[in-house]
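A short write-up of the structure that comes next.
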Amino acid sequence: MISGVETYIPQRPPFVFIDEVVSVNNERAVSAFTIREGCPLVTNGHLSLAGLMENAAQTCAVRAGYCGGNKIGFIGAVKTMQANRLPKIGETLTTEVVLVQEVMNISLIECTTKVADEMIATTTLKLAIID
């Protein structure tokens, strides 16, 4: 496990959706996040679709932060997103993001989110990084 999540992402509590960076390199990043009571974007005991998206985006930011320092980035497009179910309070998400293609400051990233061995969401994002 790698500590210092906030070294890689611009978000600050309470809007941090990563507890720890499991691994990171130029091509991929893996994060872990346990959903807690009072967490933003939790409704009726479940992390919302927006929360799943934010977790994936912050995991992408970990990879980008590792590769190029503290540059500002944003989601340029959500190509696809499929959630099989919404995770509930107490469950731990493991999210992996993998770089598919990078052209100039635009990256195509595939994200998978699991609870234990159950795939609960997949997302394909286009991310833009500002120099």
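Coordinate-derived values only; no laboratory data. Because the structure is predicted, anything quoted here is derived from the model rather than measured. In this analysis, Cβ positions are derived from the backbone assuming ideal geometry, glycine residues included, and neighbour counts consider all displayed protein chains.
Details
- Condition check for ASN44: polar (S, T, N, Q) and either surrounded by 17 or more Cβ atoms within 10 Å (Cβ to Cβ) or touching a Phe, Trp or Tyr at 6+ places or on another chain (Cβ under 8 Å) (or both): no
- Yes/no for GLU37 being touching a helix residue (DSSP H, G or I) at 6+ places or on another chain (Cβ under 8 Å) and either under 17 Å from ALA116 (Cα atoms) or surrounded by fewer than 21 Cβ atoms within 10 Å (Cβ to Cβ) (or both): no
- Restricting GLY45, GLY51 to residues that are in contact (Cβ under 8 Å) with a residue 12 or more places away in the chain, touching a Lys or Arg at 6+ places or on another chain (Cβ under 7 Å) and under 19 Å from ALA121 (Cα atoms) narrows the list to GLY45.
- Failed condition for THR124, given (1) in contact with a Leu (Cβ under 8 Å, 6 or more places away or on another chain); (2) part of a helix (DSSP H, G or I): (2)
- Apart from one condition, ALA61 fits all of (1) farther than 19 Å from PRO14 by Cα; (2) outside any loop (DSSP other than H, G, I, E, B); (3) in contact with a helix residue (DSSP H, G or I) (Cβ under 9 Å, 6 or more places away or on another chain); (4) not hydroxyl-bearing (Ser, Thr, Tyr); the exception is (1).
- Scanning the range 1-40 for residues that are assigned to a strand (DSSP E or B), touching an Asp or Glu at 6+ places or on another chain (Cβ under 9 Å), hydrophobic (A, V, I, L, M, F, W, C) and under 15 Å from ALA56 (Cα atoms) gives VAL22, ALA29, VAL30, ALA32, PHE33.
- Some residue of the range 101-114 being in contact (Cβ under 8 Å) with a residue 12 or more places away in the chain, loosely packed, with under 15 Cβ neighbours inside 10 Å and in contact with a strand residue (DSSP E or B) (Cβ under 6 Å, 6 or more places away or on another chain): yes
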